[in-house]
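The values are calculated or read from the model by the stated rules, or taken from the named source; none is laboratory data. Note that the structure is a prediction, hence the values are computed from the model and not measured. Reconstructed Cβ throughout: ideal geometry from the backbone, glycine too, with neighbour counts over all protein chains shown. These accessible areas exclude ligands, DNA and RNA; they are computed on the full protein's heavy atoms, side chains included. Shrake-Rupley method; radii C 1.70, N 1.55, O 1.52, S 1.80 Å.
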Amino acid sequence: MSSAVGSFQDVLASYEPVIGLEVHAQLLTRTKLFCSCPNRFGEPPNSLVCPVCLALPGALPVLSRQAVTLAIRAGLALGCRVNEVSVFERKNYFYPDLPKGYQISQYERPLAVDGAIEVRAHATAETAAGEATLSRIRIQRVHMEEDAGKLLHEGYSWSHEKSGVDLNRAGVPLIEIVTAPDLRSPEQAHEYLSALKAVLLYTEVSDCNMEEGSLRCDANVSVRPRGQRTLGTRTEIKNLNSFRNVARALEHEITRQVAVLASGGQIAQETLLWDADRGETASMRSKEEAHDYRYFPEPDLPPLVVNEGWVEEVRRSLPELPAERRQRFARSFGLPAYDADVLTQDRALADYFEAAAAESGNPKAVSNWVMTEVLRQLKEDGPAPARCPVSPQALAGLVRLIDAGTISGKIAKDVFLKMWQTGEPASAIVEREGLTQMSDESALERVVAEVVAASPEQAASYRSGKTAALGWFVGQVMRKTGGRANPQLVNAILKRALGGA
Ligand SMILES: [Zn+2]
């Protein structure tokens, strides 16, 4: 199969993928959607349940106002229009994790419609100054629904033949965000998900924790020969639980579909499950149609009415969104597109950068520190940016010491690590450990003279025109001075001492 279609780039040369994504995001509410059980992860199975979410006879749902407010927030942040009247409906199907035998969802009249999100292809460090390509991905709808419970197939020491069910998640509020089929590559799907996640995090609608299932994704995908306008038959890939898996599964499925079409076959419309361990999809069922679910309005809930006052109140409470912040960072701090993009992915990280940049007087230097050392340490140690042991003010202090020539950039990296471990300011560490940069010309001249005298061969090589030998000499001087020598000064003195070239 792979020999017939070659690499993924070859696949894309003659066929165009058409992708739409459906993302389920768990809302950051205090309670479940229709009862007062806590919306909390990680509690003992079936400890957060009541007659409503257990679907006991006679129990009635009561809609959480906070959940509606968060869903409106997401809708507005995604540029949607909020419908004044939306309707909860029963989506009927049987599954052991669904005690009611139906899920309360929205179908014909969703909460919010017709939005869009700007997705930019990530600039890389190499193309930092290059123009960013922006694509507008349309959001067809944002609707509210309740989550189902969770089946537990593993860890049942008492039986290998039974599964358990945990209904703590049953009734937890979700929004489903559905795009138009506007995405054209697995990479772009990944960029869309990153952009969407940033919006949901900024607005504090969801914590987007994929390990805990707070963000889940289904993908619809079809392919068509390039130049063809009509859409091909699509398949749906279910329950993709990481951005990486979304991209991998799409690449796999696109390759499979192209191979089928290229050999004269036809795509069957079906639902597929992604097997991350085996790196392939498996057929789950032939695609169900909406009428299979026998949707009808939920008789226990009145239509949801959201008046203009509610919408405006939510609109006023929206924070600066990632796209706006990215533009502002580029404009007011003079940052390259790449930096602005990386720094605004996470609201707390953007806050951190902004506080440090304002105090340092050198935003680009701060940006470099945040994107390299700070992000690396955060990744290794795992704290959230807000609890970073090096405060924004302390990082600004370190950058000021470098800019003033007090310490070299090389020493600064060691100082940064010590700041991270001890929480001390840079100045205290530099002073105690005597790390101040050596800018005393006569002292440096003595060191240079010693180094040059000890390496006549390297000196001759430099004089014969091999200028790369200069770097080797700089290294020797740095070693002798414990990395404290001012590099510009060392370069100048070395060139004088070596002559030639
Ligand atoms: Zn409950």
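Quick check: is even one residue across region 2-19 under 24 Å from His143 (Cα atoms) and in contact with a strand residue (DSSP E or B) (Cβ under 6 Å, 6 or more places away or on another chain)? Yes, there is a match, as at least one residue in region 2-19 is under 24 Å from His143 (Cα atoms) and in contact with a strand residue (DSSP E or B) (Cβ under 6 Å, 6 or more places away or on another chain).
Summed over region 69-99, the residues that are at pLDDT 95 or above and assigned to a loop (DSSP other than H, G, I, E, B) give a count of 6. How many of the residues in region 435-456 are in contact with a helix residue (DSSP H, G or I) (Cβ under 7 Å, 6 or more places away or on another chain) and charged (D, E, K, R)? Here the count works out to 2. All told, Ala59 falls short of being of a type outside the set (Asp, Glu), within 12 Å of the ligand (Cβ to nearest atom) and on the phi > 0 side of the Ramachandran plot. The residue that is surrounded by the fewest Cβ atoms within 10 Å (Cβ to Cβ), among those in region 334-344 that are among the hydrophobic types (A, V, I, L, M, F, W, C) and free of Cβ contacts under 8 Å to residues at least 40 places away in the same chain, is Val342. Quick check: anything in region 273-282 modelled with pLDDT under 90, in a strand (DSSP E or B) and hydroxyl-bearing (Ser, Thr, Tyr)? For region 273-282, residues modelled with pLDDT under 90, in a strand (DSSP E or B) and hydroxyl-bearing (Ser, Thr, Tyr): present. Picking from residues in region 86-108 that are open to solvent by 50 Å² or more (accessible area, probe 1.4 Å) and touching a residue at least 24 places away in the same chain (Cβ under 8 Å), the one that is farthest from Val52 (Cα to Cα) is Glu108.
Of the residues Leu28, Leu63, only one is part of a loop (DSSP other than H, G, I, E, B), open to solvent by 20 Å² or more (accessible area, probe 1.4 Å) and touching a helix residue (DSSP H, G or I) at 6+ places or on another chain (Cβ under 7 Å); which?
From the options Leu28, Leu63, the qualifying one is Leu28.
Taken together, Arg315, Arg347 contain a single residue that is surrounded by fewer than 18 Cβ atoms within 10 Å (Cβ to Cβ) and either of a type in the set (Ser, Thr, Tyr) or within 19 Å of Tyr202 (Cβ to Cβ) (or both), which is Arg315.
Against the conditions (1) open to solvent by less than 40 Å² (accessible area, probe 1.4 Å); (2) within 16 Å of the ligand (Cβ to nearest atom), Val68 satisfies every one except (2).
Being touching a residue at least 24 places away in the same chain (Cβ under 8 Å) and more than 16 Å from the ligand (Cβ to nearest atom) is a condition met by at least one residue of region 28-50.
Scanning region 457-485 for residues that are touching a helix residue (DSSP H, G or I) at 6+ places or on another chain (Cβ under 6 Å), among the small types (Gly, Ala, Ser) and open to solvent by 20 Å² or more (accessible area, probe 1.4 Å) yields a single hit, Ser461. Of the residues making up region 211-242, those that are closer than 22 Å to Lys150 by Cα and open to solvent by 30 Å² or more (accessible area, probe 1.4 Å) number 7.
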